[in-house]
Amino acid sequence: MNSAFLRFRLRQSGKFIREIPVIYLVVMVGLLLIPGIALYQFTKDLKGSLIIAAILLALLSLLQLRRKDYRFIFLTEENGWKVFSMDYFLLSLPILIILLVNSFWYISLAIIAGCIGISFIKQPFHRTKKGMEAPGWIPAEAFELRAGIRQYGGLLLILYLSAWIGLLLPFASLASLWFFTVVLSDIFRFSEPVQILCAQERPANRFLHRKLLLYLKLSIYAIIPVCAIYMLLYPQHWWLILTFLVGVSLNIALFIVNKYAHYLPNTKITGGQVPITTAVISIFLPVFSPVVLFFLIKYYLAACRNLTIYLYAYNPESASRI
């Protein structure tokens, strides 16, 4: 196995951890114990262990089919399967440890074998496709969403339909809407050209307010009908629906301000991944919401400062000097 890639992954993990303030890191580790304990309890019997193993291998298979560094790995490593299997082993390690603690060592071996087998799955050749057309009622101003529908339209549609079908079971709809929100985060990872940024001729703060209002309305319009029916079917979960809606709203707002806090024309946004990861977790763990709110304010102020560089001509005070 290529040790250079292993060291690279470990350095990546170390950098990710170092970016998190110590107090938040302690809180996150403590909160991660909750799903860890739940997973431990669920895998105490053979049936639960097999279900977790099947879900894990299915997710890893999906990752293998969609990972964007697939062809790059083969350019740098003759036996790419070694790199892939190492990645999948590291991702599976927490579950492997829990299964070993519960004495299901043979299921752990099956998962390791599955990681190796999945690493041999070849990605199909992706032809350039036009993609799904965005509905006409989505304004041109929401160009990120229109582009996202062309790229992820099929997946978004499946997740949205599964949210409606999931109303038959408690929590299933919310899980689908959570994945729906996670996919939406990717549409804000690319910076538009300056010409598009300046097309609205608004100063930085008004530009951000308009963008936030537009996307919050679009996301709430999509999610509210499902949540309303869910609340009628499971009225005892009303508090969960309210916290879920607040969490989704904070996420959408953070996606936008993070984009413009790190905006550079025609580039891919790579900053702010730790806050965004924390934000998507906070939808189901509201204890993280204050952290998300902190980053939301921080990046809003940074976005205003950054956008002023490009939208200075539209500030009222600058216009009065002309």
Just one of (1) under 28 Å from residue 174 (Cβ atoms); (2) touching a residue at least 12 places away in the same chain (Cβ under 8 Å) trips up residue 315, so point out which.
(1)
From 120, 180, residue being among the aromatic types (Phe, Trp, Tyr), at pLDDT 85 or above and part of a helix (DSSP H, G or I):
180
Would you confirm, using the coordinates I've provided, whether residue 185 is part of a helix (DSSP H, G or I), in contact with a Leu (Cβ under 6 Å, 6 or more places away or on another chain) and not aliphatic (A, V, I, L, M)?
no
Can you list residue pairs whose Cβ atoms sit under 7 Å apart, with the first residue in the range 96-118 being under 17 Å from residue 42 (Cα atoms) and the second being surrounded by fewer than 20 Cβ atoms within 10 Å (Cβ to Cβ) and of a type in the set (Lys, Arg)? Count only pairs 6 or more apart in sequence or on different chains.
102/44
Search result, residues across the range 210-236 that are surrounded by 13 or more Cβ atoms within 10 Å (Cβ to Cβ), of a type outside the set (Ser, Thr, Tyr) and more than 17 Å from residue 164 (Cβ to Cβ):
210, 211, 212, 214, 216, 218
Exactly one condition in (1) at pLDDT below 90; (2) under 30 Å from residue 231 (Cα atoms) is false for residue 249; which is it?
(1)
Qualifying position, being at pLDDT 65 or above and loosely packed, with under 13 Cβ neighbours inside 10 Å, among 39, 33, 60
33
Quick one: would you say residue 176 is surrounded by 14 or more Cβ atoms within 10 Å (Cβ to Cβ), under 15 Å from residue 259 (Cβ atoms) and of a type outside the set (Val, Ile, Thr)?
no
Is it true that residue 185 is assigned by TED's automatic domain parsing to the domain that holds residue 302, closer than 25 Å to residue 283 by Cβ and open to solvent by less than 50 Å² (accessible area, probe 1.4 Å)?
yes
Are any of the residues in the range 254-277 open to solvent by less than 20 Å² (accessible area, probe 1.4 Å), over 19 Å from residue 189 (Cα atoms) and either assigned to a helix (DSSP H, G or I) or among the aliphatic types (A, V, I, L, M) (or both)?
no
Might you let me know whether the range 140-152 holds any residue that is at positive phi, open to solvent by 30 Å² or more (accessible area, probe 1.4 Å) and in contact (Cβ under 8 Å) with a residue 12 or more places away in the chain?
no
With the structure loaded, tell me whether residue 135 is outside any helix (DSSP H, G or I), within 29 Å of residue 236 (Cβ to Cβ) and at pLDDT below 85 or whether it fails that test.
no
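The values are calculated or read from the model by the stated rules, or taken from the named source; none is laboratory data. A quick note: this is a predicted structure, and the numbers were derived from the prediction, not measured. Please note: Cβ atoms are built from the backbone with ideal geometry, for glycine as well, and neighbour counts cover all protein chains shown. Remember, those area values only see protein heavy atoms, side chains included, never the ligands or the DNA or RNA. Shrake-Rupley method; radii C 1.70, N 1.55, O 1.52, S 1.80 Å.
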